[in-house]
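See structure below.
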Amino acid sequence: MSNVHFLKELVAADNSEHDQKRRELFARAETLSRDLARRGAELDRVGAPPREEVEALRQAGLLTALHSPEIGGAGLSWVDGLRLVRIIARGESSIGQLLGYHYVNSQYVYWAAADPKQAWVLGAETVERQLYWGAAVNPRDPGLTLERRGGHYVLNGRKTFSTGAHVSDRINVNAAIGGKIANFVVPTDRPGYITNDDWDNIGQRLSDSGSVEFRDFPVYERDFILPLADPSDPPVVQATFNTPLIQLVFVNFYLGTAEGAFAAALDYVRSTTRPWVTSGVERAGDDPYILERIGELQASLKASVALADTAAATVEAALSQGRSVTAEARGEAAIQAYAAKVHSTHVSLDVTTKVFELMGARATAGHYRFDRYWRNVRTHTLHDPVAYKAREVGDFALNGRIPPVSLYS
């Protein structure tokens, strides 16, 4: 056998193994999503920290889906990772959000950390221990200060929102220190990390997004992933991809939530909805107005999903350029993500509202909690105003201006 033929067989075997892992992960995600949908109304009613649900993601191997096979991950692309987010969100929107946030938070170190070896060590530990990653970096809620004390640092302050507060094993944090900004990764089992049960919003009730406090929380030199930086220093372009990617996480769990609402409505129409008295049909499923509305909503969802997948592929291609990626390439890719954000926001709000027109008045009974789909997307779509995303897309289309880099754009 020639060396060339042998290498081809190795590549084919690797691809086959990768494809098998990919199929298994998607099958597990579908199973978890169905279970979440079955329990969705009760989960929403209770609104407890989703420890069992995150454990289910862990046991299914979904937390390490994007990590390299060289350290035991599945090596999936961002396009696939975001599809997994969408699948999980069909069952329960908050759990889709948590999975997507984990992907961005745990992958961030690979393109942002100053020392690639440190990123590799953090990734290997994450895969080995199946760690869940959160973050405390909300730029509109600065709140955290770091000071040197003896041979280490201590972190103090409060963050009003910290998604995955109770369930996170690791968190990305930024804090002020002497006029500089510090970026570091720390475990949540150190003394001084305090979670508060004060998440009381109408939606995303399982997102575990209450406030967290740090009280003399110890931070060590080994925790820093970037050197101290002046707030006015321009970041390395590659290190700014967390923003378009987190926006794509939003896109996909919005759409997953809308798909979940749509599927629930179709089931209800098939089993429960009665035809209107003047419809002239015996089954609600034959009502032309219901059929028209279903067709319109289905078409909108499919279009938005296609836009989301295209945007994900564009952002991933730009990120793959590594340190050579330019601000222009990053900005042009980000615009694709932001266009998907605008479209998915409108579509998900529209679908989660109009499904009631398909199901009828009885579907508003409280025990169904069909309103949770709308409450979930309504709550999170206010995260950053979609009007500003539309403006950025419009400014690029009309004037060719890419958006300024921030944790929102």
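The values are calculated or read from the model by the stated rules, or taken from the named source; none is laboratory data. The structure presented is a predicted model; accordingly, all values stated were derived computationally and were not measured. Cβ atoms come from the backbone with ideal geometry, glycine included; neighbour counts cover every protein chain shown.
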Selection status of R401, closer than 30 Å to Q238 by Cβ and either in contact with a helix residue (DSSP H, G or I) (Cβ under 7 Å, 6 or more places away or on another chain) or modelled with pLDDT under 95 (or both): yes
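Taking the range 348-387, which residues are small (G, A, S) and either within 20 Å of N201 (Cα to Cα) or not assigned by TED's automatic domain parsing to the domain that holds P275 (or both)?
As a first pass, look at the range 348-387 and keep what is small (G, A, S): 348, 360-361, 363, 365-366, 387.
Selection gives S348, G366.
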Helices (runs of 4 or more DSSP H) wholly inside the range 295-409 that include at least 2 residues being farther than 20 Å from I246 by Cβ and small (G, A, S): 386-399
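Yes/no per residue for (1) under 12 Å from the mean Cα position of the chain (by Cα); (2) closer than 27 Å to H18 by Cα; (3) crowded, with 23+ Cβ neighbours inside 10 Å; (4) not assigned by TED's automatic domain parsing to the domain that holds T257:
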{"position": "W78", "(1), (2), (3), (4)": "yes, yes, no, yes"}
{"position": "L98", "(1), (2), (3), (4)": "yes, yes, yes, yes"}
{"position": "N105", "(1), (2), (3), (4)": "yes, yes, yes, yes"}
{"position": "V109", "(1), (2), (3), (4)": "no, yes, yes, yes"}
{"position": "A124", "(1), (2), (3), (4)": "no, yes, no, yes"}
{"position": "T160", "(1), (2), (3), (4)": "no, no, no, yes"}
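Table: residues versus (1) more than 23 Å from the chain's Cα centre (by Cα); (2) at positive phi; (3) in contact (Cβ under 8 Å) with a residue 40 or more places away in the chain.
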| position | (1), (2), (3) |
| --- | --- |
| T314 | no, no, no |
| A317 | no, no, no |
| A333 | no, no, yes |
| V351 | no, no, yes |
| L358 | yes, no, yes |
The range 135-194, residues that are in contact with a Lys or Arg (Cβ under 7 Å, 6 or more places away or on another chain), charged (D, E, K, R) and modelled with pLDDT of 95 or more: none
Single match in G73, G81, G40 (criterion: in contact (Cβ under 8 Å) with a residue 12 or more places away in the chain, in contact with a helix residue (DSSP H, G or I) (Cβ under 8 Å, 6 or more places away or on another chain) and over 23 Å from Q204 (Cα atoms)): G73
Sole exception among (1) assigned to a loop (DSSP other than H, G, I, E, B); (2) in contact with a Leu (Cβ under 9 Å, 6 or more places away or on another chain) for F184, by number: (1)
So I71, is it buried (at least 23 other Cβ atoms within 10 Å of the Cβ), over 30 Å from A229 (Cα atoms), at pLDDT 95 or above and of a type in the set (A, V, I, L, M, F, W, C): no
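Name the residue, out of G164, G179, that is over 19 Å from the mean Cα position of the chain (by Cα) and at positive phi.
Numbers: G164 fails: over 19 Å from the mean Cα position of the chain (by Cα).
Result of the check over G164, G179: G179.
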Out of E53, E30, sole residue that is surrounded by fewer than 21 Cβ atoms within 10 Å (Cβ to Cβ) and closer than 26 Å to T379 by Cβ: E30
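Taking into account only those residues within the range 267-283 that are in contact (Cβ under 8 Å) with a residue 40 or more places away in the chain and in a helix (DSSP H, G or I), which is surrounded by the most Cβ atoms within 10 Å (Cβ to Cβ)? First the steps, then the outcome.
Start the filter on the range 267-283 by keeping residues that are in contact (Cβ under 8 Å) with a residue 40 or more places away in the chain, which leaves 268-269, 272-274.
Those still in the list that are in a helix (DSSP H, G or I) too: 268-269.
Details: Y268: 20, V269: 22.
Applying the filter and picking the extreme gives V269.
So, V251, is that one among the β-branched types (V, I, T) and either within 19 Å of G157 (Cα to Cα) or surrounded by fewer than 21 Cβ atoms within 10 Å (Cβ to Cβ) (or both) or not? Reasoning before the result, please.
Numbers: among the β-branched types (V, I, T): yes; either within 19 Å of G157 (Cα to Cα) or surrounded by fewer than 21 Cβ atoms within 10 Å (Cβ to Cβ) (or both): no.
Considered against the rule, which asks whether it is among the β-branched types (V, I, T) and either within 19 Å of G157 (Cα to Cα) or surrounded by fewer than 21 Cβ atoms within 10 Å (Cβ to Cβ) (or both), V251 comes out as no.
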